Amino acid sequence: MKVIDCVSTSPSMADSTDSILTIEQVAQELKCSKSHVYNIINGRVPGVKPLPVICLGRKKLVRRAALEAWKVAHETNSIDATLAAEPVINTVGA
């Protein structure tokens, strides 16, 4: 007789770093379309490195840990970029 371990599918288990996401779930998390996620995966978005995936034939899956690492790598502080682009104006003595 073969014994099979059952894996719990509790909400805490689904949020672990070992979970696997579908393209639809990645799109929901990034708040974009599935086609945009495919463009990111295939390196078609300028200035954005491709998102690592697991390929199962034509089906693509993304590890939660890979998505989180990818998001951290692509975070930018747009406030600093905006402030750096503004000219310095000396209002003292004006």
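The values are calculated or read from the model by the stated rules, or taken from the named source; none is laboratory data. Worth saying up front: this structure is predicted, and the values here are computed from it rather than measured. In this analysis, Cβ positions are derived from the backbone assuming ideal geometry, glycine residues included, and neighbour counts consider all displayed protein chains.
Details
- Any hit, region 35-49, residues being within 16 Å of I20 (Cβ to Cβ) and assigned to a helix (DSSP H, G or I): yes
- Some residue of region 52-67 being at pLDDT below 70 and in a helix (DSSP H, G or I): no
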